[in-house]
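Take this structure, written in structure tokens, and hold onto it; I'll ask about it next.
The values are calculated or read from the model by the stated rules, or taken from the named source; none is laboratory data. From a predicted model like this one, the values you see are computed outputs, not experimental measurements. Backbone-built Cβ (ideal geometry, glycine too); neighbour counts: all protein chains shown. Note: accessible area is taken over every heavy atom of the protein model, side chains too, but ligands, DNA and RNA are not part of it. Shrake-Rupley method; radii C 1.70, N 1.55, O 1.52, S 1.80 Å.
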Amino acid sequence: MRPPTLVAAALVLLLGAGVALFTLRSGPGEPGEPGLSAAAAAHPRLPEVRRTMEAFGPLVARTTPTAGGESLVVGHPDRAADIAVLAAELPAAVDAVTAVWGPGWPRTALLAVADGPAEFAGLIRATGPVSPELAAASVADPFRPGSTPTGQRVVFSPDAGRRLGPDGLATLLRHELTHVAARAVTSDAAPQWVLEGFADYTAHRARPAAFAATAPTLTAALRAGAGPTDLPTDADFRGPDAVQAYERAWSVQAYLADTFGEQAVPRLYRRLAAGQLDPAGEDAALRAELGVGRAELVAGWLGWIAARSGAAAAR
Ligand SMILES: [Zn+2]
């Protein structure tokens, strides 16, 4: 999950090659039965969202081939533009996640675009109030750690497309798909700097931008002499500085890739994401995986981001 304001904007081509559009409505010759197009109606994952979403109006669905099979994007006619962007971006987004995580995930996805807050809350199975800042969330059926999660879907809020624009939506898609790919080895209790930083690393890696463009609030803080002194805490991701917490978390992963090689990023994720860790636990895991302790990692990261923000300022 992440607020919508966190995604940097850039240009994107919205060409939906290989994407088929299916409108799900009653058709001729099938009185009393929804006349679904064959591909959409037969998609094995449509039933997971159909009943919930049909309560909010007629459905539009696009199928698109991704590395693991046919993926499905479902929404309503007035979100057709967002649905088109997501369907067009999906194959490349799946590949972008696989490039970092490896092929060990289904490499297909079910995406849903909500038409209003109630539908969004229902699709993400919210049990309490949903922040209007939340742009998207990925959810799964309950599962035992180590087993393959079922029922994974990425749900986009009604405002996500309007607030983020096409490229922001594509970045958000890669972020959420990273959560989907890594779900089987991920505990919700794991440190947020690991979970969200990894998702943002994969999201931005596919379209690299300057440090200051990817982490504008962090850059501003560093230039003002008000940069971080430690890794972001879980509370930081829910507080008023949540935007900077995400940027800090991304920058930790970018530092790891730059310093220890990109393979260290998913490797460390697998070790750190499995459960709750206090700083001592993080220290032991980092020493085992990278050969440096937490204090060394933080010092190295702080120096790296200081240099990056300074280099950006000098240009
Ligand atoms: Zn997230």
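Rounded to the nearest 10 degrees, what's the angle between the helix 80-101 long axis and the longest principal axis of the chain, both from Cα atoms, 0 to 90?
Roughly 50 degrees, rounded to the nearest 10.
Normalising by the residue count of the stretch 187-315, find the relative contact order in percent from Cα pairs under 8 Å and 6+ residues apart. Provide the component values of the computation, followed by the final result.
Working: 139 pairs, mean separation 45.9, N = 129.
Rounded, it is 36 percent for the stretch 187-315.
What figure in square angstrom, to the nearest 10, would you give for the accessible area of Asp141 with a 1.4 Å probe?
Surface accessible to solvent at Asp141 totals approximately 50 Å².
Return the distance in nm (one decimal) between the two label points of a simple spin-label model at Asp95 and Ser147, each offset 7 Å from Cα along Cα→Cβ.
3.5
On a 0 to 90° scale, report how tilted helix 160-182 is relative to the longest principal axis of the chain, with both axes built from alpha carbons and the result rounded to the nearest 10.
80
Please give the solvent-accessible surface of Arg308 in Å², to the nearest 10, using a probe radius of 1.4 Å with every protein chain present.
100
Can you work out the accessible area per residue across the stretch 187-315, with the rest of the protein chains kept in place, probe 1.4 Å, in square angstrom?
It amounts to 43 Å² per residue over the stretch 187-315.
With a 1.4 Å probe and all protein chains kept in place, how do Phe56, Phe237 rank by accessible area, largest first?
Phe56, Phe237
Residue by residue through the stretch 275-288, what is 3J(HN,Hα) from phi via Karplus (6.51 cos²θ - 1.76 cosθ + 1.60, θ = phi - 60°)? Round to whole Hz and write x for glycine and proline.
x, 5, 9, 8, x, 5, x, 4, 4, 5, 5, 5, 4, 5
Any idea what diffusion coefficient the chain gets from Stokes-Einstein, in µm²/s, Kirkwood Rh on alpha carbon pairs, 10 °C, 1.306 mPa s?
Using the Kirkwood radius from Cα pairs, D works out to 78 µm²/s.
Hey, got the Cα dimensions of the stretch 187-315 along the principal axes, in Å, largest first?
Here the spans come out as 39, 31, 28 Å, largest first.
For the chain, which whole-number percentage of the solvent-accessible area (1.4 Å probe, protein heavy atoms only) is attributable to carbon and sulfur atoms? Present the calculation step by step, with values, prior to reporting the outcome.
Values: 7630 of 13560 Å².
Carbon and sulfur together cover 56 percent of it.
A further question on this structure: Pop out the Kirkwood hydrodynamic radius of the stretch 254-313 from its pairwise C-alpha distances, inverse of mean 1/r, in Å to one decimal.
Final number for the Kirkwood radius of the stretch 254-313 is 12.2 Å.
Let me ask something else about it. Once every DSSP H run of n ≥ 4 in the chain is given -39500 (n - 2.57) and the sum is divided by its residues, what mean residue ellipticity at 222 nm do you get, rounded to the nearest 500 deg cm²/dmol?
-15000 deg cm²/dmol
Taking 7 Å along the Cα-to-C-beta vector as the label spot, tell me the Ala41-Ala224 distance in nanometres, rounded to one decimal.
Each label point lies 7 Å from its Cα, and together they span 5.8 nm.
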